[in-house]
């Protein structure tokens with residue numbers, strides 16, 4: 001494959017879907033109509049070289065900052081068909097959780113735009129975008145300090161995806 005996907009090519013013939021993604025920049029209300037530069041544990045460049053990661057010193061509260069999330073959404077519509085929403089192990093863009101990917105999180109109801117960032121309303125409104133069913137409507141989240149915790153959609157999306165922000169906002173409605 002010419003895109004350097006599947007690393008050495010050994011998985012290209014039999015790709016395995018994955019269920020976790022590292023947090024890159026996501027859209028939030030505080031970020032406006034662009035990726036919120038205060039979100040993510042690493043920068044994301046589609047198919048572009050190494051992804052710079054943020055040092056632990058960049059996080060106000062490592063125990064409250066998500067760096068990996070479970071996001072195994074089943075599928076989304078592409079050109080009249082369905083495409084996997086989680087891609088596969090080894091794909092360059094498949095391991096990133098970026099932009100409007102918050103639609104994939106467990107517990108969100110398909111078609112519900114509640115708690116979506118303004119830039120993501122159209123994606124959230126599409127009832128064909130089925131989020132990850134989760135475990136009793138909860139998803140697992142890995143924090144920068146290494147612990148893992150299960151959260152419901154409303155808990156993780158509350159206060160403009162506060163858990164995804166490296167520097168914790170102190171002004172309402174973005175603060176906790």
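Determine the shape class of the range 131-176: with a ≥ b ≥ c the square roots of the Cα gyration tensor eigenvalues, call it rounded for a/c under 1.5, and otherwise prolate if a/b is greater than b/c, oblate otherwise.
Oblate, since a/c reaches 1.5 and b/c is not below a/b.
Going by the alpha-carbon gyration tensor, a ≥ b ≥ c the square roots of its eigenvalues, is the range 103-143 rounded (a/c under 1.5) or, if a/c is not under 1.5, prolate (a/b greater than b/c) versus oblate?
oblate
Sorted by mean Cβ packing within 10 Å, highest first, what order do the peptides 53-59, 118-124, 23-29 take?
23-29, 118-124, 53-59
Read the figures in this text as sums done on the coordinates, not as results from a lab. Keep in mind the model is a prediction, meaning the values are calculated, not measured. Because the Cβ atoms are built from the backbone with ideal geometry, glycine has one as well, and the counts that use them run over all protein chains shown.
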